[in-house]
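Since the structure comes first, as structure tokens, the remarks are kept for the end.
The values are calculated or read from the model by the stated rules, or taken from the named source; none is laboratory data. Quick caveat: nothing in here was measured; it's all calculated off a predicted structure. Counting neighbours? That spans all protein chains shown, and the Cβs are built from the backbone with ideal geometry, glycine included. The protein model used for the area step is the full one, side chains on, heavy atoms only, and it has no ligands, DNA or RNA in it. Shrake-Rupley method; radii C 1.70, N 1.55, O 1.52, S 1.80 Å.
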Amino acid sequence: MSRTPTPVPAPAPAMSGAGITAGTGTGARKRSLLLALPAVLATAAMLLFLLSPPASAAPPRIPSLSTAQYELGRLTVAAEGSTAGYSRDLFPHWRSSGGCTARQTVLKRDGSNVVVNSNCQPTSGTWYSQYDGVTLSAAGDVDIDHVIPLAEAWRSGASSWTTSKRGDFANDLYWPQLIAVSAGSNRSKGDQDPADWQPRTAYRCTYAKMWIHVKYHWNLKVDSAEKSALQSMLNTYC
């Protein structure tokens, strides 16, 4: 009895050298791209950080535009009083609370990556001055500005307050009365109201709202030129 021979399968065609090279090259390129991606993302993040202003906390309780407009309409308008008898010593500052002075508290609040020592004094950090767009890297170069200058407050009604109340005003951390800024911008402002001095354009809306809010809650008067300037700031920059 004869047997039928078992068919032998034909050998599979060999893959060409070109095909092997192409497949290997594609995979290598993909791996290279995946390995390079973290470095690309890190570089992009660094560029974004360098090109953007540092993060900065804002003074508390800045009102909305509608609230600021309401409060501006209810401020008492009167001629500005005299500076006679004024002294910064009549506005005692900086008070301590919780182991930190009001100045130190604002430095911690308004800065980025602020490190303090055992006395609550900042030893490192950065501060972005909203008044002029300057970044500062030493706490000693930072001024804490009274949004309503103390002399302006004196001329607007604070001359009749007790020294204790003036101290409350000079250390006010509740309303938006204290802000960390560059020494240069603070010196430029002095004791002027918005009819005579305003910060950089990008911050004028916020500045006007803070100014109005503080005057409203401390029951301080405005003169007519000051009120007109504040209304113009709300209309133009908010």
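Counting Lys and Arg as +1 and Asp and Glu as -1, what is the net charge of the other residues whose Cβ lies under 9 Å from the Cβ of P63? Combined, the nearby Lys, Arg, Asp and Glu give +1. When nucleic acids and ligands are ignored and a 1.4 Å probe is applied, R61 ends up with an accessible area of around 110 Å². Other residues with beta-carbon under 14 Å from the beta-carbon of L220 carry, at +1 per Lys or Arg and -1 per Asp or Glu, a net charge of -2.
Using the Cβ atoms and a cut-off under 14 Å, what net charge is assigned to the surroundings of T105, where Lys and Arg are +1 and Asp and Glu are -1?
On the way: positive: R95, R103, K108, R109; negative: D110, D172.
Spelling it out: positives minus negatives among the neighbours equals +2.
Give the shape of the range 100-238 as rounded, prolate or oblate, defined through the alpha-carbon gyration tensor: a ≥ b ≥ c are the square roots of its eigenvalues, a/c under 1.5 means rounded, and otherwise the shape is prolate if a/b is larger than b/c and oblate if not. Judged from the Cα gyration tensor, the range 100-238 comes out oblate (a/c at least 1.5, b/c at or above a/b). The alpha-carbon of K108 sits under 24 angstrom from the alpha-carbons of these lysines, leaving out residues fewer than 8 places away in its chain: K189, K209. Solvent-accessible surface (1.4 Å probe) assigned to W161 amounts to roughly 30 Å².
How many angstrom separate the Cα center of the range 90-113 from the Cα center of the range 178-238? Centre-to-centre distance over Cα atoms comes out at 22 Å.
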